Number of protein chains: 4
Amino acid sequence: MRREIGVAVIGTGFMGKAHALAYRAVPNAFPSSLRPRLVAVADVSEAGAHQAAGHFGFERATTDWRTLLDDPHIHVVSITTPCSLHREMALAAIAAGKHVHCEKPIAPSAADAFDMLKAAEAAKVITQVGYNYIKNPVLKLAREMIASGELGEITSFRGVHAEDYMADPEIPYGWRVDPQNGAGALAEIGNHIVGMSRYLLGAVTHVTAQLETVNKTRPIAPGASERREVKVDDIARLMVTFERGCSGSIEANWAATGRKMQLEFEVYGTKGALCFSQERFNELQYFKAGGDPRTSGFTRIEAGPAHPPYENFTVAGGHQLGFNDLKTIEMAEFIAAIEHGTPTFPDFREAWEIQRIVDAAIRSSAEAQRVSL
Amino acid sequence: MRREIGVAVIGTGFMGKAHALAYRAVPNAFPSSLRPRLVAVADVSEAGAHQAAGHFGFERATTDWRTLLDDPHIHVVSITTPCSLHREMALAAIAAGKHVHCEKPIAPSAADAFDMLKAAEAAKVITQVGYNYIKNPVLKLAREMIASGELGEITSFRGVHAEDYMADPEIPYGWRVDPQNGAGALAEIGNHIVGMSRYLLGAVTHVTAQLETVNKTRPIAPGASERREVKVDDIARLMVTFERGCSGSIEANWAATGRKMQLEFEVYGTKGALCFSQERFNELQYFKAGGDPRTSGFTRIEAGPAHPPYENFTVAGGHQLGFNDLKTIEMAEFIAAIEHGTPTFPDFREAWEIQRIVDAAIRSSAEAQRVSL
Amino acid sequence: MRREIGVAVIGTGFMGKAHALAYRAVPNAFPSSLRPRLVAVADVSEAGAHQAAGHFGFERATTDWRTLLDDPHIHVVSITTPCSLHREMALAAIAAGKHVHCEKPIAPSAADAFDMLKAAEAAKVITQVGYNYIKNPVLKLAREMIASGELGEITSFRGVHAEDYMADPEIPYGWRVDPQNGAGALAEIGNHIVGMSRYLLGAVTHVTAQLETVNKTRPIAPGASERREVKVDDIARLMVTFERGCSGSIEANWAATGRKMQLEFEVYGTKGALCFSQERFNELQYFKAGGDPRTSGFTRIEAGPAHPPYENFTVAGGHQLGFNDLKTIEMAEFIAAIEHGTPTFPDFREAWEIQRIVDAAIRSSAEAQRVSL
Amino acid sequence: MRREIGVAVIGTGFMGKAHALAYRAVPNAFPSSLRPRLVAVADVSEAGAHQAAGHFGFERATTDWRTLLDDPHIHVVSITTPCSLHREMALAAIAAGKHVHCEKPIAPSAADAFDMLKAAEAAKVITQVGYNYIKNPVLKLAREMIASGELGEITSFRGVHAEDYMADPEIPYGWRVDPQNGAGALAEIGNHIVGMSRYLLGAVTHVTAQLETVNKTRPIAPGASERREVKVDDIARLMVTFERGCSGSIEANWAATGRKMQLEFEVYGTKGALCFSQERFNELQYFKAGGDPRTSGFTRIEAGPAHPPYENFTVAGGHQLGFNDLKTIEMAEFIAAIEHGTPTFPDFREAWEIQRIVDAAIRSSAEAQRVSL
């Protein structure tokens, strides 16, 4: 029988479900992996906790996440609650010696993230943060191509993460626009593209940013006439400089009418270029410089077995992975890191680095000046 | 505790794995479903059977598929072996009172399929055939739009399923080109687009077809100098007439250099049109006639919660399903049909109907004339 | 001063205008060309003829096209009238020693086309037929790539020309659906894709076709309650075999709701593939077999200076040609052929070859059997 | 006979040719227009001037552009020389009472542009500047949709103009990188997207910009080992605020490997969104908010007769305009303005406004702070 690893999940919303599904899916796609045993699920709502347990096969449900910490059958804790709760939960789990997966953003500020990172490194537990999109096989390819020099010296980056789920000004004031999370669109989706830029190109040294609130008030409840002022950004625009020497622009926008998942980038180098959109995330566009001008152009690479770990899901190219598969890869790499002591990515340190850029952007916007990291 | 349904899978290849993954994934995405219990897996290779059991969590492994039939814990048998074995296995499973999922094509000929269908209907067992692509939420939408008259009267269909996995003439002679399966590309991938045309537009009444062998010989083994004549089609072209009155064309081609999953169709009606490609299967292109010419055009619909059962996988639009998710939907519908006595689609009867079109195409090509069904 | 060549145009509709514009544009893009002098324009309507003369700078206008034939200043006659008038006009022009450009289709039947071809060849005048789309620089590239073997042995062709300008059943009965033209959609737009298949792949030896009338009656006049039966095809589907050994399918459809210019083809060969759509006609998609599977895929080639005669229009790649530029290329090649005695393509002989395929398709459909050419 | 307007062109390069072609094409597409008479062409090279005269049909050629100013047959002067010569030529032409078309950028600085604008307004001559891309019928549609409120309140703009013609560091130092022009990529192509943003959204009030030199030295001549330092930008990134209240980002990049004409924008509003790329400039993507989520998405509008003045070129939708046709529209509007006293756009005043943004960006980058206009 394959060895197991005990897992608990805190939170049962969008990401709580995604974690449960992903843990369950890991042994399917990664048969040599430790098999996650879904020991417990916690939620503030008793009904929610029990429903999640029933749906996803957790052995028990609880409304008190602290009880998970004493359970010796639990080796891993997944934190999928709102951002403002992450710090307390993560520090407690780390103190209990658990490996911790925490959803992004890990904390409302880099300072909080730093505390979490320091605690995790001191306790020598393995950490993982849910930047699932970079688990995409074609983005692993993109990173390799850049790292290996296939694109030559990188000269420019352009990134955006735009969706429309907060475009409607009648969406009530809620946790998404609570300044306790530090920022709005930038904190919630912008860090995906910020993290992707680091994944591809490395450290950022300077940020100039402008954050903007499009929907300046929101009703205090659905349909309420009373409205509350919104202080966080709907749109954030950054100009960044990378340590490697090149610069780029980044935009986060959760009020982009019509966009469901415009997480896109373009990277230009002296020997080639890559373009990617999460809207068609099983593809990568590649231009190789120096070819015959008669037949040169951007090549549409389709994800397939040449792009690990695509083949863990299906042996045939062009069949395509889905969003949940990206989450499965994330969990599989996390569990493999626990088992084999291999590094995880992105871990709490990486999440702190991303958060530093977010914080720098907030400060740059507030102070109307360029900020060094 | 949720009630279970015992499952056995025969075969451990591409589709055996896909079935196992899908059964395991069903309760994740469809939490109210019966929970598949992976009771047993059978394979001709003892090592293969045991490896599959270990990887996918089957309780036991066997090299003798007949032993599955006596197991009272097994309610469902999935048959994923080569086509020529389907008939014997399915008839035995039906005789043992099992519900049967059989991969496509269910049989080398419509006559064989008919025997299987009759046995299943007589035994009142539930059957399902693995035409997974039509489980796509946007294709459910396409079908609905056609059925509801949103496209008006349908005037034309154009379908193709082209891949390149048999393009290389040095791929050795093997079961794929064995005439025992009835046809080549037409039987193996053409029936996907044939089935899709029926799913969208209903019964076909006439077929005119030309089948063609591009790679006329293949080595008898990898690298062998001795070659064997290939008699089945690499490319099949059909002109079909639907009972509803419109006509269309269908192509199957497994030698289409560069194509990994060109399963495409275009449907034109008097009030609109739809275009789909499996290469970007989370999208559907829709033209609505009668709009303002200033702003009319094909609209790219992205799969989302408005397209059931997309939301079972992720609550947010634009996140995308993967190939394995389509298989999960297929299995979930199959299990729901068993539990609730609802009809399945495509069942053995539908598979027989598809096979009749394939057989008609073979005959049309051989006799160089139009064939009525 | 540059030498001139005297031109007359018969007809002032869509194509009459296109010819006039193209003749005027030739010396701009092809400065070493003979300069067309617009001597005369003829139209059945006196007002139409004079308006066209004024708009496009013809020196004189006439309602009697026969008067053009005696004019020694006219060396070239362009015939842009309805198809049923082409034969008489072309034979008269040839008899008068004029070089003749005739719009497509040149005649309602191959027999008529043959008479025209024989007369032209006997008179040794230069002829050209208006299959403008193949004048596209990227299609010249496609042809070269196929001819040079860059795609290996060609294994398959799939072509379509679909538009929607006859989709509305209330469009009155008119010359487009007059059986005097031989066919409907096949004659009017199908011959573009038939001609393109010949341009790329050469002679066709066998045709199996089904022609279909979607809108079976049309009002005899706009808004009229009286309707007349339509006998020509709205949709034609062909299966063709090329002399070189490969086969393909071709569709013509002028009732394809939503389509404005879906003139498309895909060509597959053992070493590569090409895909083209007139909807984005400054692009050509190219797959080259045998590359690194990590980075292989279809490459989107953008028209540029590497694709003659693109550079005659603009020196910078990616700027794009328009439809009228294709017509200009056509006229420039025609005039160059007259000046230098170089062959034209497509000439009356080629148009006759295309018409033979159209006629074969009509016969195949009527007789429900394969037809050899 | 149609009335004529006498035209002279100074310069015979890329744009000199484009102007000549466009003037010649105007009466074809705009038959009621004054007919441009190509009176004279001037070039520093006598051979160049004579060749251009021969190719494009100018009545005479000269190496002394000043001689054009006394010619009473010349009413319009087109200036297509390098930017640093524009001021002197334009002021002289204005002083001579000529209407002036000047290529973009009209001047190396806003101050120079202002002098030109003041002179033109005082002399009451008509001016035009060659921002040809905005003459696109689908961009006229975009502007109308924004102006009419069809997109609701605009919330965001993202624009880029990226090409690769200066990506190669071995391209010698030349006029393009001469700081006399004020800027590099920003001045040469960035002003297209800056102008487009103004065309769509109106005045810009604030700019924060970073300009960057990627290729820091260039050989002083082709193949030379001696190199010269480059001081102008290869890449410019701007964050802009519009007077109407929304903000946006703009990038200019002439070192974007693989890009031939990535002139793109996305505009988001509360009721809809538009996306455009010059790479496919006969299309406009439109999302209309509030539709049925089952069938909502971005609609690909194809240019056609519903988009004036498309129909002046061809009566059938989907046939497509080319780059030279955009230039023809520009010239036709210029000549119509002269004839009818209608306003031109963009005129010298608009070009000055664009140049002010460019200057502000240069200053913002140099001073590392936000600049108000």
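The values are calculated or read from the model by the stated rules, or taken from the named source; none is laboratory data. These figures come from a predicted structure and were not determined experimentally. Positions of Cβ are generated from backbone atoms using ideal geometry, with glycine treated the same way; all protein chains shown enter the neighbour counts. Surface accessibility is based on the protein's heavy atoms, side chains included, excluding ligands, DNA and RNA. Shrake-Rupley method; radii C 1.70, N 1.55, O 1.52, S 1.80 Å.
Comparison of B:G245, B:G341 shows that the only residue that is open to solvent by 10 Å² or more (accessible area, probe 1.4 Å), out of contact with any strand residue (DSSP E or B) (no Cβ under 9 Å at 6 or more places or on another chain) and of a type in the set (G, A, S) is B:G341.
You will find that of B:A47, B:A8, the residue that is away from chain A (no Cβ under 11 Å) and out of contact with any Asp or Glu (no Cβ under 8 Å at 6 or more places or on another chain) is B:A47 and no other.
Here are B:I329, B:I362: which of them is in a helix (DSSP H, G or I) and more than 17 Å from the chain's Cα centre (by Cα)? B:I362 is the lone residue from the list that is in a helix (DSSP H, G or I) and more than 17 Å from the chain's Cα centre (by Cα).
For C:I193, all conditions in the list (1) aliphatic (A, V, I, L, M); (2) closer than 17 Å to C:D359 by Cα; (3) more than 14 Å from chain B (Cβ to nearest Cβ) hold save one; what is the number of the exception? So the condition that C:I193 fails would be (3). Selection of the range D:332-353 for residues being under 22 Å from D:D115 (Cα atoms) and not in a helix (DSSP H, G or I) yields D:P343, D:T344, D:F345, D:P346, D:D347. Selection within the range C:95-135: residues that are crowded, with 24+ Cβ neighbours inside 10 Å and of a type in the set (S, T, N, Q). The member of this set that is nearest to C:R176 (Cα to Cα) is C:Q128.
Summed over the range A:121-146, the residues that are free of Cβ contacts under 8 Å to residues at least 24 places away in the same chain and of a type in the set (S, T, N, Q) give a count of 0. Scan the range C:299-315 for residues that are in contact with an Asp or Glu (Cβ under 9 Å, 6 or more places away or on another chain) and facing another protein chain (nearest Cβ under 7 Å) and report the count. Selection size over the range C:299-315: 6.
Residues in the range D:214-271 that are within 14 Å of chain C (Cβ to nearest Cβ) and either touching a Cys at 6+ places or on another chain (Cβ under 6 Å) or at positive phi (or both): D:G258 only.
Residues that are more than 17 Å from the chain's Cα centre (by Cα), farther than 20 Å from A:C83 by Cβ and open to solvent by less than 30 Å² (accessible area, probe 1.4 Å) within the range A:1-30 comprise A:I5, A:G6, A:V7, A:A25, A:V26, A:P27, A:N28, A:A29, listed in sequence order. Is it the case that B:I357 is at pLDDT 95 or above, open to solvent by less than 40 Å² (accessible area, probe 1.4 Å) and more than 30 Å from A:N324 (Cα to Cα)? Spelling it out, B:I357 is indeed at pLDDT 95 or above, open to solvent by less than 40 Å² (accessible area, probe 1.4 Å) and more than 30 Å from A:N324 (Cα to Cα).
For the range B:265-314, which residues satisfy the criterion of being assigned to a strand (DSSP E or B) and under 19 Å from A:Q320 (Cβ atoms)?
Result: B:F265, B:C275, B:F276, B:S277, B:E283, B:L284, B:Q285, B:R300, B:I301, B:E302.
No other residue among D:N215, D:N136, D:N181 is of a type outside the set (D, E, K, R) and at pLDDT below 95 apart from D:N181. Would you mind stating whether D:R37 is within 23 Å of D:L326 (Cβ to Cβ), over 22 Å from the mean Cα position of the chain (by Cα), among the charged types (D, E, K, R) and open to solvent by 40 Å² or more (accessible area, probe 1.4 Å)? Answer is yes for this residue. Any residue in the range A:150-170 that is away from every other protein chain (no Cβ under 13 Å) and open to solvent by 10 Å² or more (accessible area, probe 1.4 Å)? No: zero hits.
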